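The values are calculated or read from the model by the stated rules, or taken from the named source; none is laboratory data. This one's a predicted model, so the numbers in the text were calculated from it and none came from an experiment. Using ideal geometry, Cβ is built from the backbone for each residue, glycine included, and neighbour counts are taken over all protein chains shown.
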């Protein structure tokens, strides 16, 4: 079993855990949620449980306690900043190690049978975002944190562990503070979201994948085939990831936690910055809160703010993977955000969202994003025929 | 109980519409899964963003 929302055994266990939750007394809802997360992850990927759970309990939780104590001391700000920096550096170093070497093994058990269970670590990239948010919020605010189970539940929340959405720790705590049994309307809505997610993935994304694979197989595509391929790739990425997010949010609702939305009509964006406010919203929000605003944000002024946003997109490309394709994807989006900044392009206000000018802006934004989707192809050589095809109108 | 609550929020037509769409989606998923299961090499790739 893997902690995948496509693994029938994992889905079944999630559904059973959500059903059993109805019989749990209110004061036991947090321990129950944490226990479910630990058991599910222990069954699906013991290595992930050991690593993420271990870091949560042995690093994040003690560091948060230290940050709380240090903040109250006179001139404790410098020490708090040092502790935050050390914690973030620790998480980043581990992330780079995992990213650079996916088969990062435990040396003392590399040849044993059980090592097969420890091959993959799921969701470390998303864990990294959560862990840094957890430390940063404890650096910024005095959060009463007395229960390590809450931290464990936060990092191992089963439906979001492999691909987000990246919920902020403060939002997660608010949900837990109103710990409640799921009423029928919420349960019905959760089931609806889950169904919608699987429909997106199994029917729509699957069809688009088939279409893009078929078009990729054409040796010398013409302009229409190349355009169809670009659109198929772009929409495939949307339906695949939005489908996942619907399922994660649906299961979250069944577990009594309202997970943050990840998509908000991105296809209607009129600029690149607006697109990134509506596509993979939680990662955009994370970079805004943890990098963009602390580094000056909009106070830097138009061009410098656009440069910073462009640099963040480059970092976002690195986050996707240490490959030429993903770095190029980050540079492409960064350059387009910078271009919008230089040209002073801003999202159109709601009152102006009609007519040819509006739809022209929407088309221009989507064209650039769709061309960026080509970087999700496996190699540079697979992009060349598509770009050639886009110029072959006769 | 469920019908009452959903009707209060969205109105009767909203509920029926959602139930209809839900049934359509379930039918499409079932059909695709049955079609996939009947193939010699069933293929359902993992979510792209898993394990990034």
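Against the definition (under 17 Å from residue A:15 (Cα atoms) and in contact with a helix residue (DSSP H, G or I) (Cβ under 6 Å, 6 or more places away or on another chain)), how does residue A:163 come out, yes or no?
Working: under 17 Å from residue A:15 (Cα atoms): no; in contact with a helix residue (DSSP H, G or I) (Cβ under 6 Å, 6 or more places away or on another chain): yes.
For residue A:163, the condition - under 17 Å from residue A:15 (Cα atoms) and in contact with a helix residue (DSSP H, G or I) (Cβ under 6 Å, 6 or more places away or on another chain) - is not met.
Which of (1) at pLDDT 90 or above; (2) buried (at least 17 other Cβ atoms within 10 Å of the Cβ); (3) within 12 Å of chain B (Cβ to nearest Cβ) does residue A:164 not meet, given it meets every other one?
The failed condition is (1).
Whether any residue in region A:261-281 is more than 22 Å from residue A:348 (Cα to Cα) and crowded, with 16+ Cβ neighbours inside 10 Å is what I want to check.
No, the conditions are met nowhere in region A:261-281.
With (1) surrounded by 13 or more Cβ atoms within 10 Å (Cβ to Cβ); (2) more than 30 Å from residue A:255 (Cα to Cα); (3) at pLDDT 80 or above as the list, and residue A:106 as the residue in question, which single condition is left unmet?
Status for residue A:106: all satisfied but (3).
With the requirement that a residue be more than 7 Å from chain A (Cβ to nearest Cβ) and either loosely packed, with under 12 Cβ neighbours inside 10 Å or not in a helix (DSSP H, G or I) (or both), what does region B:31-52 give you?
Selection gives B:34, B:35, B:37, B:38, B:39, B:40, B:41, B:42, B:43.
In this structure, does residue A:243 turn out to be closer than 24 Å to residue B:20 by Cα, more than 14 Å from chain B (Cβ to nearest Cβ) and part of a helix (DSSP H, G or I)?
No.
Could you please tell me which pairs satisfy a Cβ distance under 7 Å, a separation of 6+ or placement on different chains, a first residue in region A:12-29 that is more than 16 Å from residue A:190 (Cα to Cα), and a second residue that is outside any helix (DSSP H, G or I) and modelled with pLDDT under 90?
Going by the 7 Å Cβ cut-off, the qualifying pairs are A:26/A:179; A:29/A:179.
I want to confirm something. Restricting to region A:214-235 and keeping residues that are free of Cβ contacts under 8 Å to residues at least 40 places away in the same chain and assigned to a helix (DSSP H, G or I), which single residue is farthest from the other protein chains (Cβ to nearest Cβ)?
A:224
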